[in-house]
Amino acid sequence: GLPTCGTKATSESVTNIAHLALEMLGQLNNLDHENESMCEVKLRIGLATGPVSVGMIGMKIPKYCVFGETVNLATAMEERSQAMRILITKYTRNFLADTGIFETLFRGQFKIVS
């Protein structure tokens with residue numbers, strides 16, 4: 001979902017992430033919740049579009065990490081999202097609206113403190 005280094009987000013990259021989020025929710029809905037041995041899992045997803053920094057952290061067990069205000073904003077969106085819903089920023093919504101594929105519902109505005 002991240003564009004290549006030095007490029008900006010495109011409708012394609014935002015669409016890919018939105019499709020991934022929808023697929024994750026769809027797969028959870030397809031689980032057999034009747035099975036008593038399975039616990040119920042509910043997912044909250046937050047999407048934000050903007051600049052990020054990436055890097056490898058660690059020497060023994062390196063991890064690919066994404067940093068920046070956009071990541072913090074996506075985390076804040078996830079925290080405010082309802083279970084089994086995807087909360088997106090206005091900027092992300094504008095990208096998705098340009099595709100003509102997605103239908104979004106305005107939930108309201110709220111202040112994010114970074």
Criterion: open to solvent by less than 50 Å² (accessible area, probe 1.4 Å) and in a loop (DSSP other than H, G, I, E, B) - qualifying residue of THR70, THR49 = THR49
Expected single match for in a loop (DSSP other than H, G, I, E, B) and in contact with a His (Cβ under 9 Å, 6 or more places away or on another chain) among GLU103, GLU40 is GLU40
From the set of residues in segment 2-21 that are free of Cβ contacts under 8 Å to residues at least 60 places away in the same chain and under 12 Å from VAL54 (Cβ atoms), which is least open to solvent (accessible area, probe 1.4 Å)?
-> PRO3
Residue check for MET24: at pLDDT 90 or above, surrounded by 10 or more Cβ atoms within 10 Å (Cβ to Cβ) and either in contact with a helix residue (DSSP H, G or I) (Cβ under 9 Å, 6 or more places away or on another chain) or on the phi > 0 side of the Ramachandran plot (or both) = no
Tell me which of these MET56 doesn't satisfy, since it passes every other one: (1) over 19 Å from MET24 (Cα atoms); (2) in contact with a Lys or Arg (Cβ under 9 Å, 6 or more places away or on another chain); (3) surrounded by 10 or more Cβ atoms within 10 Å (Cβ to Cβ).
-> (3)
Failed condition for ALA83, given (1) open to solvent by 80 Å² or more (accessible area, probe 1.4 Å); (2) in a loop (DSSP other than H, G, I, E, B); (3) touching a residue at least 12 places away in the same chain (Cβ under 8 Å), with all others met?
-> (1)
Residues of segment 86-114 that turn out to be open to solvent by 60 Å² or more (accessible area, probe 1.4 Å) and among the aliphatic types (A, V, I, L, M), as a count | 3
Scan segment 97-114 for residues that are in contact (Cβ under 8 Å) with a residue 24 or more places away in the chain and touching a Leu at 6+ places or on another chain (Cβ under 9 Å) and jot them down.
-> PHE102, ILE112, SER114
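The values are calculated or read from the model by the stated rules, or taken from the named source; none is laboratory data. Keep in mind that what you see is a predicted model, and the values were worked out from it rather than measured. Every residue, glycine among them, receives a Cβ derived from its backbone with ideal geometry; neighbour counts consider all protein chains shown. For the accessible areas, the whole protein counts, side chains as well, though only heavy atoms, and no ligand, DNA or RNA atoms are used. Shrake-Rupley method; radii C 1.70, N 1.55, O 1.52, S 1.80 Å.
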